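Notes follow the structure.
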Amino acid sequence: MLSKHIKLNNNCELCKRLKLGKNDSDFLFDERANFYVFKSPLSDRWPGALMAVYKKHIFEQSQIRNNDLSDTLVSLVCLEKTILDVTSCERINFVKFSNKVNHLHWHLIPRYRNECYPTQSSWELLNYTKDKLYKKVKKDFFNKDSFIYNQIIDLGIKNIKSKPNSLFGCALFLRPVEISLRKLYLNIEIDDILKQARENPKKWECLLMKRNYSDYSWDFVGGNADPCEFPKDTMIREVFEELGWKIKRYKEVTRQWKGGAIKGFIYLALPEDQSALLDKPLRIDCDEVQTVEYFNLIDILDDHTFPSKVRDRISAFINCQSDFHLTEL
């Protein structure tokens with residue numbers, strides 16, 4: 001889904017199509033994070049051709065946020081694999097045009113065995129008629145009502161949902177509701193904090209940050225691990241990069257699973273500085289973080305406007321679950 005916070009350009013043709021979303025006649029599916037998938041304008045000549053439109057009005061791949069870069073590439077590869085499996089084409093032309101529409105997007109174009117000009121790129125053949133492009137085709141090859149795109153939608157969504165991701169590490173920052181207890185909080189033993197928060201969750205609050213990208217929702221502070229990085233080190237690094245805080249002590253409290261695979265680790269984290277416990281905690285300016293705020297643990301569980309993964313993590317923590325599966329796959 002396209003967040004209302006994403007800034008689009010009213011004069012951009014592809015931004016207009018992003019706004020239309022499912023109402024666009026060539027819309028196929030939402031990759032859920034970085035791009036929408038449409039039928040490519042080249043699909044009238046090469047059935048199965050796709051166009052992936054990036055969800056932000058940027059121009060080049062080098063402008064993609066570092067945290068989104070690898071996921072975007074893997075998702076595009078999933079589209080490529082989908083086309084290969086559905087169409088049984090011989091190969092794929094994968095191209096990023098930028099001179100005509102100045103908005104980052106890609107065309108994935110299947111090339112078939114029965115083409116007359118197999119060594120020429122698809123963009124060299126745009127002025128050729130269908131009859132001139134192919135030696136012989138099946139009767140329904142160019143049928144607009146063909147099931148080919150239904151198959152692409154089903155398999156494309158499946159491939160993207162099951163794509164491999166690096167493990168994440170994120171921080172569970174707690175503070176007592178009672179203000180007088182906060183002065184001593186950072187010196188309490190972690191096991192005592194865990195015991196107290198689990199026994200009386202109504203008396204404890206959790207820090208969440210509102211993302212300034214993707215779906216712009218509330219989440220824990222954290223992120224995906226870099227190559228060869230342990231999730232605990234990811235958590236420490238992400239907290240410093242996003243908030244400017246150093247971690248004094250931490251302990252793993254639960255592990256998140258999805259579809260039978262472990263996805264990440266959640267750590268109770270104690271910051272070094274007492275200012276982290278303020279209603280408006282002192283933090284660095286970070287483009288990825290819109291705001292941070294403390295919420296009561298029970299209120300988070302009861303409020304379904306919070307993402308399910310946030311509520312699932314809080315529930316697992318309170319109920320002493322060392323492992324949990326997301327309720328929504």
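The figures follow:
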| item | result |
| --- | --- |
| Filter result (farther than 14 Å from ILE190 by Cα and of a type in the set (Ser, Thr, Tyr)) within segment 245-272 | THR254 |
| Count of segment 106-129 residues which are closer than 21 Å to PHE38 by Cα and among the charged types (D, E, K, R) | 1 |
| Looking only at segment 306-329, and only at residues there that are of a type in the set (A, V, I, L, M, F, W, C) and either under 18 Å from the mean Cα position of the chain (by Cα) or assigned to a helix (DSSP H, G or I) (or both), the one that is surrounded by the fewest Cβ atoms within 10 Å (Cβ to Cβ) | LEU329 |
| Cβ-Cβ under 9 Å pairs, at least 6 apart or on other chains, segment 87-100 side within 20 Å of GLY156 (Cα to Cα), far side exposed (fewer than 14 other Cβ atoms within 10 Å of the Cβ) and of a type outside the set (Phe, Trp, Tyr) | SER88/ARG113; CYS89/ARG113; GLU90/ARG113; GLU90/PRO118; ARG91/PRO118; ASN93/SER121; VAL95/SER121; LYS96/GLU60 |
| Residue tally, condition of a type in the set (Val, Ile, Thr) and over 19 Å from the mean Cα position of the chain (by Cα), over segment 225-238 | 1 |
| Only listed residue being surrounded by fewer than 17 Cβ atoms within 10 Å (Cβ to Cβ), touching a residue at least 24 places away in the same chain (Cβ under 8 Å) and charged (D, E, K, R), chosen from ARG255, ARG249 | ARG249 |
| Every residue from segment 274-305 that is under 19 Å from LYS202 (Cα atoms) and crowded, with 18+ Cβ neighbours inside 10 Å | LEU277, TYR294, LEU297, ILE300 |
| Index of the failed condition, ARG211 passing every other in (1) in contact with a helix residue (DSSP H, G or I) (Cβ under 7 Å, 6 or more places away or on another chain); (2) touching a residue at least 40 places away in the same chain (Cβ under 8 Å) | (1) |
| Out of ILE179, ILE157, ILE152, sole residue that is out of contact with any Lys or Arg (no Cβ under 7 Å at 6 or more places or on another chain), in the same structural domain as LEU207 (by TED's automatic domain parsing) and β-branched (Val, Ile, Thr) | ILE179 |
| Residue within segment 197-208 that is more than 30 Å from PHE38 (Cβ to Cβ), assigned by TED's automatic domain parsing to the domain that holds THR291, without any contact (Cβ under 8 Å) to a residue 12 or more places away in the chain and more than 16 Å from the chain's Cα centre (by Cα) present | yes |
| Residue match in segment 162-176 (condition: loosely packed, with under 14 Cβ neighbours inside 10 Å and farther than 21 Å from ASP68 by Cβ) | no |
| Check on LYS280, within 22 Å of LEU184 (Cβ to Cβ) and free of Cβ contacts under 8 Å to residues at least 60 places away in the same chain | yes |
| Test: residue in segment 260-267 that is under 25 Å from CYS320 (Cα atoms), outside any strand (DSSP E or B) and either free of Cβ contacts under 8 Å to residues at least 12 places away in the same chain or assigned by TED's automatic domain parsing to the domain that holds LEU69 (or both) | yes |
| Selected residue [in contact with a Phe, Trp or Tyr (Cβ under 8 Å, 6 or more places away or on another chain), in the same structural domain as LYS132 (by TED's automatic domain parsing), free of Cβ contacts under 8 Å to residues at least 12 places away in the same chain and within 27 Å of ASN212 (Cβ to Cβ)] from LEU20, LEU104, LEU76 | LEU20 |
| Out of GLU229, GLU241, sole residue that is of a type outside the set (S, T, N, Q), part of a helix (DSSP H, G or I) and without any contact (Cβ under 8 Å) to a residue 60 or more places away in the chain | GLU241 |
| Pick from segment 281-305, criterion within 18 Å of the chain's Cα centre (by Cα) and assigned to a strand (DSSP E or B), ranking: nearest to GLN256 (Cα to Cα) | VAL289 |
| Some residue of segment 135-156 being surrounded by fewer than 19 Cβ atoms within 10 Å (Cβ to Cβ), within 21 Å of PRO281 (Cα to Cα) and not charged (D, E, K, R) | no |
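The values are calculated or read from the model by the stated rules, or taken from the named source; none is laboratory data. These numbers come from a predicted model, not from an experiment. Note that we place each Cβ from the backbone using ideal geometry, even for glycine, and neighbour counts take in every protein chain shown.
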